[in-house]
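These notes concern the structure reproduced below.
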Amino acid sequence: MNKLFLSSVAIAVIASATGALSQTKLSRNEIINSLQGAQQEVNISADELQKAAIENVEKYPGANSPQQLPLAAKLASLRQFNLEITFHFDSATIAPASYETVGLIADALHTPYLQGQTFFIVGHTDAKGTREYNLELSIKRAEAVRDALVTTFQVPAEYLFAVGLGEEQLRDPSNPDAAVNRRVQLINLGYK
Amino acid sequence: MKYLRVCATTVVLMMSVSLASAQTVGFADAIKILAASCGNDIQAHCQSASLANNGITNCLEKNQSRISQKCNADRLVVIGLIEARLAAQSEVAKICNRDMAQYCKGVKPGAGHMLRCLLKAQPSVSAKCNEAIDLAGYR
């Protein structure tokens, strides 16, 4: 009984510590847990996805995209995680406030749990501004994150693909200008 | 009760061992030091420098006569921490060579399969290999 009591106290202490942290801070393991467990390799290439976004802007012009990307449903079924990364205004330079987040992605991708799997790094904007401009900016921002990961933090380059979807795939289509739409999405495409 | 005391001693021992060997930190913990100690200097002198290709640390080095003392000290600390973690990661295959041969027979190399096998085999794996895995941040 004594033993039982002790262990439950220990568990309570651990639980309260992680509870306090998880409210405010993103952790490496949160990223790992959301991304691991990919099934078979999925047959979508980064080029194909990028092309779909460019075509969506060309085929269905207008202030806002009238429809989701054709690949949206397929992508939604994959293991993924959304992150907030702050860039300087109108630029693809990652702000110091987000260095830690990029470092956490690197920490997660280096672990054996995620090694050997292919990931898309997908940049998204909100719907303010033109769709062409947003597409361009999101491509540059996704590339900036990928470049930091594969150079400064030496995540193997062959597993990481940058894609920009601009405002073509809003997270909250009913609030197109909302901040929740601005995000970097990691998607696990599985083992090669 | 005796059992408990033995347990507690083991836990304390394990903790001290892991503290002694915890000589590397993750990339996030390293790079956040740069943001905290050099945030103002980056804004003033390296606004358009990129986090990729060590662009920020290179820019800070170029401007070392203009940046704060704290940033100058910590930019070197951060570079050292990142290098230490990368070195620890590249050591694992060598240090765990024998353990892989012994406990991961038939596991195909590459794509992290061997490392995942070593993580599962932790209770049997040698102390040296387990330490290397900890230092690499693989657990």
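Since every read-out is calculated from the coordinates, none of them should be taken as a lab result. Note that the structure is a prediction, hence the values are computed from the model and not measured. For neighbour counting, all protein chains shown are included, and Cβ atoms are generated from backbone atoms with ideal geometry for every residue, glycine included.
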For the stretch B:41-139, divide the Cα radius of gyration by the Kirkwood radius and give the resulting Rg/Rh value with two decimals. 1.21
Checked the stretch A:75-124 with the C-alpha gyration tensor, a ≥ b ≥ c its square-rooted eigenvalues, rounded below a/c of 1.5, otherwise prolate if a/b is larger than b/c and oblate if not; verdict oblate
Once you order the gyration tensor axes a ≥ b ≥ c over the Cα atoms, which shape class does the stretch A:36-192 get: rounded for a/c under 1.5, otherwise prolate or oblate by comparing a/b with b/c? oblate
If the chain between B:Ala36 and B:Lys70 were fully extended at 0.36 nm per residue, the gain over the current Cα-Cα distance would be 11.2 nm
Got the relative contact order for the stretch B:23-89 handy, in percent, Cα pairs under 8 Å and 6 or more residues apart? 49 percent
Dividing the helical contributions, -39500 (n - 2.57) per DSSP H run of n ≥ 4, by the residues of chain A yields a 222 nm value, nearest 500 deg cm²/dmol, of -13500 deg cm²/dmol
Average other protein chain Cβ within 10 Å of Cβ, residues A:112-119: 5
In vacuo Debye scattering of the stretch B:23-89, one point per C-alpha: log10 I(q)/I(0) at q = 0.15, 0.27 Å⁻¹? -0.42, -1.21
What's the magnitude of the charge dipole for chain A around its Cα centre, counting Lys and Arg as +1 and Asp and Glu as -1 at the beta-carbon? Answer in Debye, nearest 20. 600 debye
Can you compute the FRET efficiency between A:Lys25 and A:Tyr133 using 1/(1 + (r/R0)^6), with r the Cβ-Cβ distance and R0 = 45 Å? Round to the nearest 0.05. 0.85
Please find the FRET efficiency linking A:Asp177 to B:Asn58, where r is the Cβ-Cβ separation and R0 is fixed at 35 Å, and quote it to the nearest 0.05. 0.40
In nm, to one decimal, how far is the A:Ser91 label point from the B:Gln122 one, both placed 7 Å along Cα→Cβ? 4.3 nm
Taking the Cα centre of the stretch A:2-191 as the origin and placing charges on Cβ (Lys, Arg +1; Asp, Glu -1), which of A:Phe153, A:Ala95, A:Ile31 is farthest toward the positive end of the dipole? A:Ile31
Gyration tensor on Cα atoms of the stretch B:96-139, a ≥ b ≥ c root eigenvalues, a/c under 1.5 rounded, else prolate if a/b beats b/c, else oblate, says oblate
Which whole number gives the average, over all residues in B:108-120, of C-beta atoms from other chains lying within 10 Å of the residue C-beta? 3
Under the Karplus relation 6.51 cos²θ - 1.76 cosθ + 1.60, θ = phi - 60°, what is the ordered set of whole-Hz ³J(HN,Hα) values for the stretch B:50-65, x standing for Gly and Pro? 9, 5, 6, 6, 6, x, 5, 5, 5, 5, 5, 5, 4, 9, 4, 6
Within a 10 angstrom radius of each residue's Cβ in A:90-96, how many Cβ atoms of other chains show up on average? Whole number is fine. 5
What is the total of Lys pairs in the stretch A:41-192 with C-alpha atoms under 18 Å apart, excluding same-chain pairs fewer than 8 positions apart? 5
With contacts defined as alpha carbon pairs under 8 Å and 6 or more residues apart, what's the relative contact order of chain A in percent? 31 percent
How large is the Kirkwood hydrodynamic radius of the protein assembly as shown, counting all unique pairs of alpha carbons, in Å? 22.0 Å
Rounded to 5, percent antiparallel among DSSP beta bridges of the stretch A:2-191: 70 percent
What does the highest-first list of B:48-59, B:99-110 look like by mean Cβ count within 10 Å? B:48-59, B:99-110
